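To start, the structure itself, in C-alpha cells.
The values are calculated or read from the model by the stated rules, or taken from the named source; none is laboratory data. Given the structure is predicted, the values throughout are model-derived calculations rather than measurements. Here the Cβ is made from the backbone with ideal geometry for all residues, glycine too, and neighbour counts use every protein chain on show.
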Amino acid sequence: MNLTEAVSRFIAGGSLILLVSYLGKTKNPYVSGLAVLFPIVTTVGYYFLSLSMEGQELQRVVLVSICAVPTTIAFLITLYFTIGKLPVWQSLLLGIVAWFISALLLILLDKYFFRFLSRS
C-alpha cells in the first residue's frame with residue numbers, strides 16, 4: 001500500500017465516522033444506521049485493488065465479498081440482541097466474535113461442501 005492509498009483510506013474512513021456521529025445527533029438518528037453501511041471505504045478499497053489486478057480477478061474479489069454478507073448480518077444481529085443487556089463495548093466485542101465465527105463457518109462450508117469461493 002502506498003502513501004496515497006493509505007491517506008485516501010484514512011480520509012474515507014474518518015469522514016464516514018464523522019458523518020455517522022453527526023447523523024446520530026440529528027432529528028432522524030436512525031439514518032446513521034444507514035450511513036454506517038455506506039460503502040465509501042469499500043469503494044476506495046475496490047478502486048485501489050483495481051489498480052493492481054485485472055477485471056476478472058477483481059470480479060472474483062467482489063463475488064467473495066457478496067458471499068461474505070452473512071458475516072455482517074451475524075455481527076448486526078448479535079449487536080441488536082445484546083446492546084440493551086450489556087455495556088456497548090461488550091456488545092460490540094460479541095458482535096465481532098459472531099463475525100469471526102460466521103466467517104470461519106463460511107470458509108469451512110466452502111472448503112468442504114461448495115468450493116465456490118476457492119474456485120479459480
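Scoring Leu18 on the criteria (1) within 28 Å of Leu117 (Cβ to Cβ); (2) aliphatic (A, V, I, L, M); (3) modelled with pLDDT of 85 or more; (4) more than 17 Å from the chain's Cα centre (by Cα) leaves a single failure, condition (1). Within region 85-119, restricting attention to residues that are assigned to a loop (DSSP other than H, G, I, E, B) and modelled with pLDDT of 95 or more, the residue that is surrounded by the fewest Cβ atoms within 10 Å (Cβ to Cβ) is Lys85. Apart from one condition, Ser52 fits all of (1) among the polar types (S, T, N, Q); (2) modelled with pLDDT under 85; (3) exposed (fewer than 14 other Cβ atoms within 10 Å of the Cβ); the exception is (2). Look at region 63-90: where a residue is assigned by TED's automatic domain parsing to the domain that holds Ile107 and of a type in the set (Val, Ile, Thr) and a partner is outside any helix (DSSP H, G or I) and surrounded by 15 or more Cβ atoms within 10 Å (Cβ to Cβ), sitting 6+ places away or on another chain with Cβ atoms under 7 Å, you get Val64/Leu117.
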